[in-house]
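K.L.:
Take a look at the following structure, please.
The values are calculated or read from the model by the stated rules, or taken from the named source; none is laboratory data. Computed from a predicted model, the values in this text were never measured in an experiment. In this analysis, Cβ positions are derived from the backbone assuming ideal geometry, glycine residues included, and neighbour counts consider all displayed protein chains.
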């Protein structure tokens, strides 16, 4: 069966762990035709049948369909494991208000810094 090799949006990456329905898998390779994944062993709760772990090639349209139907759940991404929420920089939008040139954060409405007359907008991290 022919496979379209046109560029597609890639939802998964190598090393990514995800779940489609009750089954958990890990991407071991990304290829032009899709993702090579290893499905973990799992037991069907309805029938009690144990399904062995298996390798499969998931094509991009199938993953996009599962995502659009709400069945694709990303469990972990290799690039995001070391991210610490406290180290993330948050930017707040600030603007010149009519109260004497004070820059104010929209989120808190607290003064951040004074700005020079004539400045209309700035970003502060």
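K.L.:
Within region 1-12, is there a residue that is modelled with pLDDT of 60 or more, in a strand (DSSP E or B) and either on the phi < 0 side of the Ramachandran plot or surrounded by 12 or more Cβ atoms within 10 Å (Cβ to Cβ) (or both)?
P.N.:
Scanning region 1-12 turns up no residue that is modelled with pLDDT of 60 or more, in a strand (DSSP E or B) and either on the phi < 0 side of the Ramachandran plot or surrounded by 12 or more Cβ atoms within 10 Å (Cβ to Cβ) (or both).
K.L.:
Going by the conditions given, is residue 70 modelled with pLDDT of 70 or more and on the phi > 0 side of the Ramachandran plot? Spell out how you get there, then give the answer.
P.N.:
Details: modelled with pLDDT of 70 or more: yes; on the phi > 0 side of the Ramachandran plot: yes.
Answer is yes for this residue.
K.L.:
Name the residue, out of 100, 34, that is on the phi > 0 side of the Ramachandran plot and modelled with pLDDT of 90 or more.
P.N.:
34
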